[in-house]
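Remarks on the structure that follows.
The values are calculated or read from the model by the stated rules, or taken from the named source; none is laboratory data. Only a predicted model underlies this, so the values are computations on that prediction, with no experimental measurement involved. For neighbour counting, all protein chains shown are included, and Cβ atoms are generated from backbone atoms with ideal geometry for every residue, glycine included. When the accessible area is computed, the model is the full protein with side chains, heavy atoms only, and any ligands, DNA or RNA have been set aside. Shrake-Rupley method; radii C 1.70, N 1.55, O 1.52, S 1.80 Å.
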4 protein chains.
Amino acid sequence: MSQQPDNQLSNWGRWGATDQRGALNLLTPAIIKQAAGLVKTGKAYSLSMPLTTEGPQWPQRHKTWRVTTFRNPPDERGGADDVVTMHSHSGTHMDALCHIWYDNQLYNGYNVSEHITSTGATRNAIDNVPWLVGRGLLLDIAGWKGVDHLQLGEAITAADLDACAAAQGVTIQPGDLLLIRTGWIRVFAQDRALFNQGEPGIDESTIPWLRQHDVVAVCADNHAVEVFDAMPPARLPIHTAAIRDLGLYLVEYLNLEELAADKVYESLLVIAPLQLTGAIGSPVNPIALA
Amino acid sequence: MSQQPDNQLSNWGRWGATDQRGALNLLTPAIIKQAAGLVKTGKAYSLSMPLTTEGPQWPQRHKTWRVTTFRNPPDERGGADDVVTMHSHSGTHMDALCHIWYDNQLYNGYNVSEHITSTGATRNAIDNVPWLVGRGLLLDIAGWKGVDHLQLGEAITAADLDACAAAQGVTIQPGDLLLIRTGWIRVFAQDRALFNQGEPGIDESTIPWLRQHDVVAVCADNHAVEVFDAMPPARLPIHTAAIRDLGLYLVEYLNLEELAADKVYESLLVIAPLQLTGAIGSPVNPIALA
Amino acid sequence: MSQQPDNQLSNWGRWGATDQRGALNLLTPAIIKQAAGLVKTGKAYSLSMPLTTEGPQWPQRHKTWRVTTFRNPPDERGGADDVVTMHSHSGTHMDALCHIWYDNQLYNGYNVSEHITSTGATRNAIDNVPWLVGRGLLLDIAGWKGVDHLQLGEAITAADLDACAAAQGVTIQPGDLLLIRTGWIRVFAQDRALFNQGEPGIDESTIPWLRQHDVVAVCADNHAVEVFDAMPPARLPIHTAAIRDLGLYLVEYLNLEELAADKVYESLLVIAPLQLTGAIGSPVNPIALA
Amino acid sequence: MSQQPDNQLSNWGRWGATDQRGALNLLTPAIIKQAAGLVKTGKAYSLSMPLTTEGPQWPQRHKTWRVTTFRNPPDERGGADDVVTMHSHSGTHMDALCHIWYDNQLYNGYNVSEHITSTGATRNAIDNVPWLVGRGLLLDIAGWKGVDHLQLGEAITAADLDACAAAQGVTIQPGDLLLIRTGWIRVFAQDRALFNQGEPGIDESTIPWLRQHDVVAVCADNHAVEVFDAMPPARLPIHTAAIRDLGLYLVEYLNLEELAADKVYESLLVIAPLQLTGAIGSPVNPIALA
């Protein structure tokens, strides 16, 4: 593993040489039990956007197809089913740890040429993640800044994360599932062309911060969690550092509007990827319980 | 709504003439809060089967496709994505309330000819269900009977459900999400031909029982929750009664093995269907927290 | 067959009560042999547009997906394949006789409710058409009018067809496969928004003309052969008359540019639909030999 | 192009350094005009198998999906369309010159790593082939041997091809589109398990023969033109030599039964691949005119 990144910014080997779960290892029963204790009112929130032909999704991707098959005989039982064709990274979705890489190596040093083919991934695929369950910590950056939404290309720094947390009266804990609200998902409905040019999001200053706080997942209401202002972006430094170096999970295109409106900064968050064998990601419907 | 079924066995109109959510209406914050209190150890269980080309699924259905796209340039960031083509009712999945009907009427009296087309359902579609969250009550029928799995065509009656609950020391409560373990999912791996002939499951005696107990969902480790011994089955009386008359949710092809091994009879259960607009169902990965 | 249309404008029953081939019956060996005699120079023309994600296709339809799977091991044989998801009516394509109807009856009186389901057509499906082979008669309307292309909503009448044929020095014969050039396909590349608003094409005056001349197929370089100026069109009178009443074949989105440039008014035309069992149509690559 | 094969068994560079059409270059207008002269009776033959869920196709491939969408309003025009998901190499189909390779080089020396990606081929893709039109020369090996079909693993040698041609009274000419009948397609219906174990077909002795006779395409009624007796086959020497070294076209899963029954040894053959941009192959419906 000589090509692994700076030890300070890597989790390679931390959970063993054969680990494929990355930061999921941090989600211990103790963490989950503690998070369950956050359920006070019993209100449940779906953090998924509607999953339609239009996405939300990267403009370069093929769009989701859904057609319905049915049979409605006059005097018998009738029934219907659907046919869905989609990218696993369309709509609200979760990236597997094999989604992004560099230098021909996946998280924990697996060789890409060997493990990524047209038939799927034989390391770090989404079916290594039965669930992400823990404390969902909402950092409502747009709310903290008092804006409808952050602007295209507007960076959220580590200092912003700290300041927002302080303003909200919350403290980051190891094992947190971060929910970062930029408000950008509102632009999806308001101005599709602008939405597809890029996004506000966290910048590179947050990489050591994510490692230091032992965050498990970063979920955001935009295309790709991180800031960029041209589509496609020239670089995706958070993706490469978080997924490939740190083994963190990125979850994208969330709808955090209702959670923010209710100021639910802490919740029990359940993210349950489809157990697609060998897949690079999965559409999800994250559920927050408050 | 003159053609609606016997009042005793119907929930039409119970939650209003325009209701599309059915028994989901029973899942109040109080129920969810109470269920969250069941999390004692913090152990999490995925109740999904692996989602592969082979299903599990009805043998008549087209099989799931998944191919992976990727790009691995020598000196740049590389990345991968998937293309998935599948029936929404393949693998572990949840039926929407528009999945099954008779007499050209859906749950709550909606006209099928008007509301079910090749482009989807305009009533009772899966995106009316942001989540099912509540108490997961496992009735381990195979365990109670002391068998590896029930036999093809072996019926589970209302009396069996009561006897099993009593043996397990649990009581059915309004709003429960029932998890019925027949052991039949083991046959999927052991004998595919037998698995595809039918299944053990609940029989018609359970319909008034489900209504009386105000069960919200019945989840099982087989094709279709209910008993039948020929594929395709001539009748699906639980489907028509539960989905169309009572507005209950059926969830199928669950893996309840680990939950049963740990004797987790009560858990906080979270089922989060993909928010496919207008769809007839969704693959799911149900998560039980104990 | 009491609901069949006016005898003058119908071919129902003409080739027997169980016929599913319609005007294909006119393509006798004698016609084919005669058409083969038109091959003078041996030049071959593909009349297909490139089949891309962008179509050409109706704007309401899902777009064609094509992804490639491959394996390139260092010291072994490598290979590739494609995954294609598409509507059978995308790109240059041919309509089966079950594509369009009214009054719940298909061509030759078949009951739609009985024969068209989500699993396909059990009457008049595309696999009743092993080939269309005969004389391709190009009527270059744009060339005859001396325009780059006809305008949105510009009608081509029966009188126009006659006048163009006369100007070109050709005579319509029974069994002809008509190739009507409007030039509209140029607009696909030039102005997609205009292209998708409708098209120039033949109008209702041509229906008796098509019947009288025993034309077998009408192929055109636009969406739908016939004139309309709003998308979706309120009416498609040529579709209903040609396909459902007359049993004619419509073939759409052809590229007739090179054929027209070479003034190849007569050719041996071969159209070979994929033999998709029970399908409503097929993408095709029509070949003209001159 | 230093790694190119033996000059005697290669066509690299023959049609220029940038050629992507291979043996298609041999199909001159003179060849086509001559072939058109073979149309004597005007009888047309579709050489396609029905294109169904079951293929025919390699057993490792995903199976073709086709579902139908429709709308049948009581008092209006109704209509239907299909959704098709398939491999381009399913059913009767044609291989593009980028389908098979070795040593990281495609036909004419193109670099595979550069030109084959998940989004398709940028060299030698199927849309370089607008048509194959020429003399279809049927070599009915099963008929010549007097058998129902050749056996699994039974090799057809160059000497066999010569002897069969002599027995049929035909001579191979440059530019021929060879139709080789093994009878193996009968096994598809009779014994699927046997069909999927391999096939009879031409062996390596035919490679110099194909080059020497300047054959343009080899079409056969089996999986892969060439002999093998284990699935998947360890080697595919005809594929690598014909496609990658010689730039020949292979067309597979043809139905040659009727052509052979009529002893149509010579015909005008038209093969028209769908113009899928960047694709690795295409389903086809080859048409022979006699």
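Each label was represented as a point 7 Å from its Cα along the Cα-to-Cβ direction; for D:Gln190 and A:Gln197 these points are 6.8 nm apart.
Across chain D, C-alpha contacts under 8 Å between residues 6 or more apart give a mean separation that, scaled by the residue count, equals a relative contact order of 31 percent.
Can you give the relative contact order of segment D:1-159 as a percent, counting alpha carbon pairs under 8 Å and 6+ residues apart? Over segment D:1-159, the number comes to 24 percent.
Label-to-label distance, B:Asn111 versus B:Ala230, with points set 7 angstrom from Cα along the beta-carbon direction: 3.5 nm. Using θ = phi - 60° in the Karplus curve 6.51 cos²θ - 1.76 cosθ + 1.60, the 3J(HN,Hα) couplings for segment D:239-252 round to 4, 5, 6, 6, 7, 7, 8, 9, x, 8, 9, 10, 10, 10 Hz; x is entered for Gly and Pro. With the simple model of a label 7 Å out from the Cα in the direction of the Cβ, C:Thr277 to A:Ala30 spans 6.1 nm. By the rule of a C-alpha distance below 17 Å, with chain neighbours fewer than 8 residues away ignored, the aspartates and glutamates paired with B:Lys263 are B:Asp140, B:Asp148, B:Asp221.
Within the listed set D:Phe70, D:Phe228, D:Phe195, the Gaussian network model of chain D (springs between alpha-carbon atoms below 10 Å) gives the highest mean-square fluctuation for D:Phe70. Taking amide H positions as modeled 1.01 Å from N, with prolines and chain starts lacking one, the residues under 5 Å from C:Leu51 and 5 or more places away or on another chain are D:Gln275, D:Leu276, D:Thr277. Shown here is the pair-distance distribution of chain A: with all Cα-Cα distances grouped in 5 Å bins from zero up to the longest one, the shares run 1, 6, 12, 17, 19, 17, 13, 8, 4, 2, 1, 1, 0, 0 percent. For D:Ser88, what charge total do you get from the other residues with a beta carbon under 11 Å from its beta carbon, if Lys and Arg give +1 and Asp and Glu give -1? With Lys, Arg at +1 and Asp, Glu at -1, the net is -1. Take the alpha carbon gyration tensor of segment B:188-290, find the square roots of its eigenvalues, order them as a ≥ b ≥ c, and report rounded if a/c is under 1.5; if not, report prolate when a/b exceeds b/c, else oblate. Rounded is the answer for segment B:188-290, as its axis ratio a/c remains below 1.5.
Estimated from helices alone, the mean residue ellipticity of chain A at 222 nm is -4000 deg cm²/dmol (sum of -39500 (n - 2.57) over DSSP H runs with n ≥ 4, per residue). Working note: Karplus 6.51/-1.76/1.60 with θ = phi - 60° gives segment D:22-34 the couplings x, 5, 4, 4, 6, 7, 7, x, 4, 4, 5, 4, 4 Hz, where Gly and Pro are set to x. Using a probe of 1.4 angstrom, how much of the accessible area of the protein assembly as shown is carbon and sulfur, in percent? Heavy-atom surface of the protein assembly as shown belonging to carbon and sulfur, 1.4 Å probe: 50 percent. Scanning residues 5 or more positions from C:Gly134 or on other chains, those with amide H under 5 Å from its amide H are C:Leu269, with H placed 1.01 Å from N in the peptide plane. Note on segment C:141-165 and segment C:234-264: Cα centroid distance 14 Å, given to the nearest whole angstrom. Once the 1.4 Å probe is applied to the protein heavy atoms, chain C comes out at 32 Å² accessible per residue. Considering only beta bridges that DSSP places wholly inside the protein assembly as shown, some 70 percent are antiparallel. Backbone geometry of segment B:218-223 corresponds, through the Karplus equation with coefficients 6.51, -1.76 and 1.60 at θ = phi - 60°, to 3J(HN,Hα) couplings of 10, 10, 9, 9, 8, 5 Hz, x marking Gly and Pro. I'd like the distance separating the alpha-carbon centroids of segment C:34-102 and segment B:23-87, in whole Å. Result: 33 Å between the Cα centres.
Charge tally around D:Arg77: other residues with Cβ under 10 Å, Lys/Arg +1 each, Asp/Glu -1 each, net 0. Dipole of segment C:64-146 computed with +1 at Lys/Arg Cβ and -1 at Asp/Glu Cβ about the Cα centre; of C:Val84, C:Gly143, C:Val112, farthest Cα towards the positive end is C:Gly143.
So which of A:Lys40/A:Lys145; C:Lys33/D:Lys33; C:Lys63/D:Lys63; A:Lys145/B:Lys33; D:Lys63/D:Lys145 end up more than 25 Å apart by C-alpha? Check vs 25 Å cut-off fails for A:Lys40/A:Lys145; A:Lys145/B:Lys33; D:Lys63/D:Lys145. For segment C:1-146, the gyration tensor built on C-alpha atoms gives an oblate shape. Its axis ratio a/c (a ≥ b ≥ c) is at least 1.5, and a/b is not larger than b/c.
Position C:Thr18: other-copy label points at 5.4, 5.8, 6.4 nm, ordered by increasing distance, label point 7 Å along Cα→C-beta. Within the straight-line cut-off of under 16 Å between alpha carbons, the aspartates and glutamates reachable from B:Lys43 are B:Glu257, B:Glu258, B:Asp262, B:Glu266, sequence neighbours fewer than 8 places apart in one chain being disregarded.
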